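A short write-up of the structure that comes next.
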Amino acid sequence: MVIQKEFGHLWELLSQIPDPEIPVINLVELGVIRKIEEKPDQDKVVITITPTYTGCPAKKLFNDLILEKLYENGYKNVELVSQLHPVWTTDWLTEETKAKLLKEGISPPTAENKIIQCPHCKSTDTRMISAFGSTPCQALYSCNKCLEPFNYFKCH
Amino acid sequence: MAITIDKEQAQFLVRLADTEMILGQRLCEMCSNGPFLEEDIALSNIALDLIGRAEQLYILISEIEGKGLSADDYAYRRNEREYFSIKLVEQPNTDFAWVIARQYLHDVYVKEIFTQLLSSKIDKVAGLSEKVLKEITYSHVHARDWMFRLGIGTPESNRRLQAAVDHLFKYAGELFAFDSIDKKFLSDITKLEQGWKSAVALTLAEANVKQPEIHKIYMRDYREGFHSEYLGHILSEMQFLPRAYPDAKW
C-alpha cells in the first residue's frame with residue numbers, strides 16, 4: 001500500500017522486492033515500509049520499516065534485500081530505521097493485495113478471524129487445524145467442503 | 001538522579017527480557033520434539049515470538065544504558081548471576097504437560113505486566129507493549145486450550161498436568177515478591193497479583209486440576225540473580241557458540 005506519494009521512484013523500486021516467505025506480495029504491499037525520505041543534501045535515503053512480528057525470522061532478510069535493491073540502483077548511502085509503533089496490522093493490506101493472496105492459495109485476513117474462505121473452492125465452511133503455521137503470520141486451516149488444507153493469513 | 005532512574009528502568013526491563021529469552025530457549029529445545037507436527041510448529045513459533053520480544057527489549061535496554069551493547073551482548077555475554085529471569089521459565093521440558101503449564105502460567109503473568117506497561121512514560125516501552133499484547137494472545141489462547149484438553153482429557157493426562165502444576169507452583173511465590181523497582185515501574189502490583197491468581201484459579205478449576213498453595217519464597221530471589229539449578233545448563237548450551245567464536249553474529 002502506498003501511503004506516501006513523494007519519492008515515487010523509490011517506492012517503485014521497493015515494490016519490486018518480493019516478501020521472502022510469501023513471494024506473491026512485495027514488501028510495500030505487506031505494509032512493512034512505512035516511510036521513505038530522500039535527503040539529496042546528504043546524498044542519503046532513510047527508510048522506516050515496521051516489522052510484522054517481533055520474532056519474524058525474515059526481519060533481517062528484509063533489511064538486506066532493501067539495501068541490495070537500492071545499492072543496485074545507485075543508492076549507496078541508505079539508513080534503515082526500525083519503528084515498532086504504530087504496530088503493524090493486517091489492516092494495512094489493501095483489498096487488491098488480499099485478492100492476490102487468495103488467488104495464490106493463501107486465505108487473506110478477515111476481521112477477528114471469523115469468516116475464513118477456502119482459497120481452492122471458495123467455501124467458507126472451514127476449520128482451524130493450528131493457529132500456528134509455516135510463518136508467524138499464518139495459521140493452518142482445512143476446508144470442510146473440498147477437504148484441502150490451506151494457509152490463512154492471520155488477522156493481526 | 002536521572003542516572004539512577006535510568007539504571008532502575010534498565011534493571012526492570014532486563015528481568016522481563018531475560019524471562020522471555022530463557023523461555024524462548026527452553027521452547028527451542030522442543031523444536032523437532034513436539035508431540036505431533038502442528039504442535040511442534042506452534043511451539044517453535046512461540047519460541048520465535050519470545051526471542052524476538054527479548055531482542056527488542058535488549059535493544060531498548062541498550063538505548064537506556066547507553067553503553068553501546070548489542071542484543072547479542074546481553075544474551076550471550078552474561079553469566080547466571082547476571083541473569084534475572086524468573087525461576088518458573090527455567091524449569092525443564094519434563095513432559096508436554098510441563099511445557100504447557102509453564103507457558104500458561106508465564107503468559108498470564110507477562111500479559112498482565114505488558115498491559116500495565118502500556119502507560120509507561122517511555123514511548124518505546126508503551127509501543128512495544130502494544131505489539132507484544134497482540135502477539136501473546138495466540139500463545140495464551142493456545143496454552144489455555146491445552147490446559148483444558150490435558151486437564152479433562154484422560155486420567156493420565158490429568159495426572160501429568162497436576163504433577164506439572166504442583167511442581168511449577170513452587171516458583172509462583174517469587175513472581176509477587178515485588179521490590180522497589182517493580183513498584184516503581186508497574187502501575188498496580190496488587191492488580192497484577194490478583195489478576196494472575198484469579199485467572200489461573202479459574203483455568204485450573206475448569207481443567208479439573210487442584211490448585212497448590214503458593215508458598216512464601218524459600219529460595220533466594222531471581223531479582224538478586226539467584227536461580228534454580230537449570231539456568232547454568234541452559235546458558236552453557238545457549239552461549240557455547242558465541243563464546244567459542246566471539247565474532248559470530250545472528
What whole-number value in cubic angstrom gives the convex hull volume per residue for the C-alpha atoms of segment B:143-250? 174 Å³
Who wins for biggest fluctuation among B:S198, B:S85, B:S119 in a Gaussian network model of chain B, springs between alpha carbons below 10 Å? B:S198
Tally Lys/Arg at +1 and Asp/Glu at -1 over every other residue whose Cβ is under 15 Å from the Cβ of B:H142; what's the total? -1
List the Cys residues of chain A that have no partner Cys with a C-beta closer than 4.7 Å. A:C56, A:C137, A:C155
In nanometres, what is the gap between the two model label sites at A:A99 and A:W11, each 7 Å from Cα along Cα-to-Cβ? 1.9 nm
Ignoring ligands and nucleic acids, what accessible area does A:T124 show with a 1.4 Å probe (Å², nearest 10)? 80 Å²
If the chain between B:D166 and B:D95 were fully stretched, how many nm would it gain, using 0.36 nm times the residue separation less the Cα-Cα distance? 24.2 nm
Here the relative contact order (percent) of segment B:2-244, from C-alpha pairs under 8 Å and at least 6 apart, is 25 percent
Please compute the contact order of segment A:8-88 in relative form: average sequence separation of alpha-carbon pairs under 8 Å and at least six residues apart, divided by the residue count, as a percent. 30 percent
Label-point gap, in nm, between B:D182 and A:S123 - each point 7 angstrom along Cα→Cβ: 5.2 nm
I'd like the distance between the alpha-carbon centres of segment B:227-247 and segment B:86-110, rounded to an integer number of Å. 20 Å
Based only on Cα atoms, what mean projected area does the convex hull of segment B:24-68 have, in nm²? 3.2 nm²
So how much slack lies between B:E63 and B:S119, counting 0.36 nm per residue of separation and subtracting their Cα-Cα distance, in nm? 18.2 nm
Heavy-atom accessible surface, probe 1.4 Å, ligands and DNA/RNA ignored: which residues of segment A:111-137 lose at least 40 Å² versus the isolated chain? A:F132
For A:K44, what residues show an amide H to amide H distance below 5 Å, using hydrogens built from the backbone and excluding near sequence neighbours? A:K39
For the pair A and B, the solvent-accessible area buried on both sides (1.4 Å probe; DNA, RNA and ligands excluded), in Å² to the nearest hundred, is 1900 Å²
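My understanding is that a pair violates if its Cα-Cα distance is over 19 Å; which of A:K114/B:K197; A:K100/A:K122; B:K87/B:K111 do that in this structure?
On the way: A:K114/B:K197 31 Å; A:K100/A:K122 14 Å; B:K87/B:K111 17 Å.
Table pairs above 19 Å Cα-Cα are A:K114/B:K197.
At 1.4 Å probe radius, can you tell me the per residue accessible area of segment B:139-188 in Å²?
It amounts to 44 Å² per residue over segment B:139-188.
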Nonlocal amide H pairs with A:F132, under 5 Å, H built at 1.01 Å: A:L140
Summed residue charge, Cβ within 12 Å of B:L231's Cβ, Lys/Arg positive, Asp/Glu negative: -2
Using alpha-carbon coordinates, inclination of helix A:59-72 to the longest axis of chain A, degrees: 50 degrees
Mind pulling the angle between the C-alpha long axis of helix B:2-28 and the longest principal axis of chain B? Nearest 10 degrees, somewhere in 0 to 90. 40 degrees
Shape category assigned to the protein assembly as shown from the gyration tensor of Cα positions, a/c cut at 1.5: oblate
Mean ellipticity per residue at 222 nm, deg cm²/dmol - from DSSP H runs of n ≥ 4 across the protein assembly as shown, formula -39500 (n - 2.57): -16000 deg cm²/dmol
Specify the inter-centroid distance of segment B:1-52 and segment A:79-122, based on alpha-carbon positions, in whole Å. 26 Å
Give me the tail of P(r) for chain A as a percent: Cα-Cα pairs with distance above 29 Å. 23 percent
How much net charge surrounds B:A47 when only other residues with a Cβ under 12 Å from its Cβ are counted (Lys, Arg +1; Asp, Glu -1)? -2
What residues qualify as long-range amide H neighbours of A:N26, i.e. H under 5 Å apart, gap of 5 or more or another chain, H built at 1.01 Å from N? A:D19
Sort B:D73, B:D123, B:D166 from largest to smallest accessible area, using a 1.4 Å probe on the heavy atoms of the protein chains. B:D123, B:D166, B:D73
Within the accessible area of chain B (1.4 Å probe), percent carbon and sulfur: 56 percent
GNM result for chain A, Cα springs below 10 Å: residue of A:Q42, A:Q117, A:Q83 fluctuating most strongly: A:Q42
Please give the charge dipole size of the protein assembly as shown, origin at the Cα centre, charges +1 on K and R Cβ atoms and -1 on D and E Cβ atoms. Round to the nearest 20 debye. 680 debye
Along chain B, longest interval not containing exposed trypsin sites (Lys or Arg not before Pro), exposed being DSSP loop plus at most 13 other Cβ atoms within 10 Å: B:122-209
Once the dipole of the protein assembly as shown is set up with Lys and Arg at +1 and Asp and Glu at -1 on Cβ about the Cα centre, which of B:Y74, A:N73, B:H140 lies farthest towards its positive end? B:H140
Could you identify which residue out of A:N73, A:N26, A:N63 has the top mean-square fluctuation in a GNM of chain A using Cα springs shorter than 10 Å? A:N73
What relative contact order, as a whole-number percentage, does segment A:93-153 give when Cα pairs under 8 Å and 6 or more residues apart are counted? 28 percent
Against the longest principal axis of chain B, how steep is helix B:123-151, in degrees 0 to 90 to the nearest 10, with axes from Cα atoms? 20 degrees
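The values are calculated or read from the model by the stated rules, or taken from the named source; none is laboratory data. The structure displayed is predicted, hence computed values, not measured ones. Glycine gets a Cβ as well: all are built from the backbone with ideal geometry, and neighbour counts include every protein chain shown. Heavy atoms of the whole protein, side chains included, go into the accessibility calculation; ligands, DNA and RNA do not. Shrake-Rupley method; radii C 1.70, N 1.55, O 1.52, S 1.80 Å.
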